[in-house]
Every structure is written in C-alpha cells, then in structure tokens.
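The values are calculated or read from the model by the stated rules, or taken from the named source; none is laboratory data. None of the values given here were measured: they were computed from a predicted structure. Virtual Cβ from ideal backbone geometry, glycine too; neighbours counted across all protein chains shown. These area figures cover heavy atoms from the full protein model, side chains too; ligands, DNA and RNA do not enter into them. Shrake-Rupley method; radii C 1.70, N 1.55, O 1.52, S 1.80 Å.
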Amino acid sequence: MTAREFNFDGLVGPTHHYAGLSFGNEASTRHRYQRSRPLLAAKQGLLKMKALADAGFPQAVIPPQERPNIPLLRQLGFSGSDEQVLQKAAAHSPVLLSAVSSASSMWVANAATVCPSADALDGRVHLTVANLNNKFHRASEAPTTEALLNAIFRDPRYFTVHPALPQVAKFGDEGAANHNRLGGDYGEPGVQLFVYGRKEEGDIQPGRYPARQTLEASEAVARLNQVIPERAIFAQQNPAVIDQGVFHNDVIAVSNRQLLFCHQQAFVHQQALFARLRENVPGFTALEVPDSEVSVKEAVETYLFNSQLLSRDDGSMVLVLPQESREHPGVWRYLNRLLAEDNPVSELKVFDLRESMSNGGGPACLRLRVVLNAQEQRAVNPAVIMNDTLFATLNSWVDRYYRDVLTPGDLADPQLLREGREALDSLTQILNLGSVYPFQQ
C-alpha cells in the first residue's frame, strides 16, 4: 500500500440554509433567503463521495458541527434554557440567529491546512485548524473542528493537529482553500504553495471585497506544520480577481502533482511564480486559461476552478466539476477542447451540487485533501472511510433526521435544535468519534 491522497468531504448539516452571510462570495449573496433543501444537499454530497470512492479515489467523511450554536449565543448574553436562548435570539435578531445556525462547516477545504509527512521536518502529518476570523458565522468553528480532526487522526505517532492561530485580523487563516501542493508521487516530498490575499504592510490589496488570507497567517501555518522551509513558496492572489468574487484561491486555481490549473489572472507576478515552480517541481506544467476563453466572471459563475484534480494509477487525471460548468456553453466548449489537447486531464466528471453551489461552495470547497502513507492510512479512524456500508448508513441517517425544506424562519424552531442534536449524537456513534460536540460534554 503506497502513499495515496484521501479526500475527506464535509457532510452537509441539518441547518443548511441560504442567509447570504459571506460578503465577497457572490453566489452566497445572490441566493439569500431562498428556500433550501438540507436533505437533498446532504445526499448530493454523499453521492459525490460514493461515486469517487467507487472510481478508486480514496474518500472519507468529516461530520457537520452543532447548529444553532447555543454556547455562542450564551457568550453573547442570551440566557435561560436552550429553547429560551433560541427564542430570545430570534426575537432580537433573525440575522444573528441565522449566523449561529450556519452549516458552513460543510466546506472543509476551510477546516485546516495539511502537511503530509513527506514534507514535514518531523515526518508526521500535520493539520493546522483554520481560524476563519474574517466571517462571524465561521469564526466559531475552530474548537469543534479541532475536536473532530483529533477524533479522526487520533494516533499521535503519525498525526499532529494544531489549534487555530490567534483570532485577530493579522493572522486571518482560511485553511487549505488557499494552499496547493505540487510534486511527483504523493509519497515523495512536494512543494507547498501558500496563497495569500494581503500582508500587514502590503500596498496591493483589493478595494471591493476583503482579502481573507494573510501572508503572516500562511507563514505561521507553514511553521506549525513543520514544512521543510525550502519547500514552501508564498504567492499573492491577484487583488483584482478577489474584487470579482474570488474569495479563496480555490475559486481561481487547483493543483495536483505536477499540474497547476489556473486562470490567466490568478496571481500577482504570475509568470515569475511559474518560473519558480518550474525550478522546484520537476515536470511542472501550468494549464493557464486565457481570459479570452473564460473570463473571471464566468469562472466565478461556474466554479470551473473550484474543481478537483484526481490522479489515476496510470498518471492521467480526472477533473471533477459542478453541473454549472457543463451548463455554460463557453466553459463547456473550453473544457472539451482541453480534453483534446496534450495534457494530463483525460476525463471530466460532473456532479449536481446545486444546494452547495447556491451557497457559494463547489466540489473543491467540500473536501480536505490528506496524503497518507501505508502506516498512516491504517492509523486513521476507519469508521469515517467511505464504502458501501457507510454510504447506506449515512443515507438512512439523513432520511431520518433531515428536513426536506428549510427557511430562515424555521431556525427559531426548538424542535430543529433537538433534531440536530439527536442526529449528531447518532452520527458520533456511526463514525466512532466519541463526545466531540458541546451538548455532549
């Protein structure tokens, strides 16, 4: 059993709804207050996981967080029983209630940044939890994310899970959504590309939307993850594309092994970055999409780059895309031309992830990539690995606990809180996680 890349996908939570909470994420804003379908959203995600597992790509699950976040509401001064806290928050501010009910932890590309053991000074897998401090509805995720990752990667001989960076703007960290790893075989040392939007004393910044990832955070994560210093590269995302809705690097670029698939306008000093990657990554290839073929606006609308690049055993790659990319004539025309050209991409796999996409998250948002060697694979909590049994069990679990339709007004229903807790209590047993949620303490 050689080193392989596992995709740990986030399972959509029972409170999945459209609140438009993520300023800078245009899909999130555009679908605000629409009716959501939590049951369908969870099943769309599960179907992607199972299809990729069946195709031979190792796949695992990261569970959702407890929402509404009652402890956070208590921290904000609401008191009484849990039901009373919920009702008081709803009466005071439906927007606040929506924020503490967000199912945004489904996008586990923001859960942490991962360093495989082959790249680490101490030879262990490192995961640094993201603080996500740019958005209130996500900034409270870190403690439960840390508990969940420790329950999955529980053997300290092979894994180290680091707490999130300090919750201040200087160290704004959005996790693996702003991180790429390039190299040869997964088990060999690779080059880690950290992408940031701003730095403390930088003068190149977006003007319309916030740059969520800082250079200072990326440097701190590289230190915590014990990335071999000469194998870390830091590059700035183009502020002009952030202002067009590219809130994370994974909306404008995706990498796998020696291949970087990105838009022409993805990075500041893009050609210099390519030259450096060619020097450090044998066989480095850039698939750079010209703006004349696909505009930044079209890339954001279709999430062309929020895709997954997955390697087959023969070295060819599969590009996993959302349905929106197939439905756009220009983007689909480009993709079929890409298939016909001389490059590693040999297949397009399209998935209907409409529920996630409407909230601003595509295939790449839903997964955290973790390279594991043979020993590390055996040390991962086996209950989270996707297979026929887990797929059937999780579908039955969703059928039992999830609502078909949810509106923002439903978040004040105490029964939704009870349903969610019962669901998560059951899920911790299915996935053998132990007591990881606040209500279980």
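Can you classify segment 187-274 as rounded, prolate or oblate using the Cα gyration tensor, where a ≥ b ≥ c are the square roots of its eigenvalues, rounded means a/c under 1.5, and otherwise it's prolate if a/b beats b/c and oblate if not?
Oblate, since a/c reaches 1.5 and b/c is not below a/b.
Report, to the nearest whole %, how much of the accessible area of segment 236-393 belongs to carbon and sulfur atoms, 1.4 Å probe, protein only.
Within segment 236-393, the accessible surface is 46 percent carbon and sulfur.
Which order do the peptides 111-118, 334-341, 196-203 come out in when sorted by mean C-beta neighbours inside 10 angstrom, highest first?
Peptide ranking by packing, descending: 111-118, 196-203, 334-341.
Which of LYS170/LYS297; LYS88/LYS135; LYS297/LYS349; LYS88/LYS297; LYS48/LYS135 have a Cα-Cα distance over 32 Å?
LYS88/LYS297
Highest first, please rank the peptides 10-19, 129-138 by the mean number of other Cβ atoms sitting within 10 Å of their residues.
10-19, 129-138
Which angle from 0 to 90°, rounded to the nearest 10, does the C-alpha axis of helix 82-92 make with the longest principal axis of the chain?
Helix 82-92 sits roughly 80 degrees off the main axis of the chain.
First select every other residue whose beta carbon is under 12 angstrom from the beta carbon of ALA55; then total the charges, Lys and Arg +1, Asp and Glu -1.
+1
Counting only heavy atoms of protein chains, what accessible area per residue, in Å², does segment 307-367 have with a probe of 1.4 Å?
Result: 37 Å² of accessible area for each residue.
Rolling a 1.4 Å sphere over the protein heavy atoms, what is the accessible area per residue of segment 115-180, to the nearest Å²?
Each residue of segment 115-180 exposes 33 Å² on average to a 1.4 Å probe.
Can you show me the helix-derived [θ] at 222 nm for the chain, built from DSSP H runs with n ≥ 4 at -39,500 (n - 2.57) apiece and divided by the number of residues, rounded to the nearest 500.
-9500 deg cm²/dmol
Among DSSP bridges having both ends in the chain, what percentage is antiparallel? Round to the nearest 5.
In the chain, approximately 50 percent of DSSP beta bridges are antiparallel ones.
Let me check something: with ligands and nucleic acids excluded, how do VAL398, VAL95 order by accessible area (1.4 Å probe), largest to smallest?
VAL95, VAL398
Packing-wise, with mean Cβ within 10 Å as the measure, how do 100-107, 347-354 rank, highest first?
100-107, 347-354
Could you tally the net charge around VAL125, taking each other residue with its Cβ under 11 Å from the Cβ of VAL125, Lys/Arg +1 and Asp/Glu -1?
Neighbourhood net charge equals -2.
Could you rank ASP410, ASP313 by how accessible they are, 1.4 Å probe, largest area first?
Descending order: ASP313, ASP410.
Counting only residues 5 or more places away or on other chains, whose amide H sits under 5 Å from the amide H of MET386 once H atoms are built in the peptide plane?
GLN59, ALA60, VAL61
For the chain, rounded, prolate or oblate, judged on the Cα gyration tensor with a ≥ b ≥ c (square roots of eigenvalues), a/c < 1.5 rounded, else prolate if a/b > b/c?
It comes out rounded by the Cα gyration axes.
Name the shape class, rounded, prolate or oblate, that the alpha-carbon gyration tensor gives for segment 298-370, where a ≥ b ≥ c are the square roots of its eigenvalues, rounded holds for a/c under 1.5, and otherwise prolate holds if a/b is larger than b/c and oblate otherwise.
oblate
Mind checking the angle between helix 388-401 and the chain's longest principal axis? C-alpha axes, 0 to 90 degrees, to the nearest 10.
Rounded to the nearest ten degrees, it is 40.
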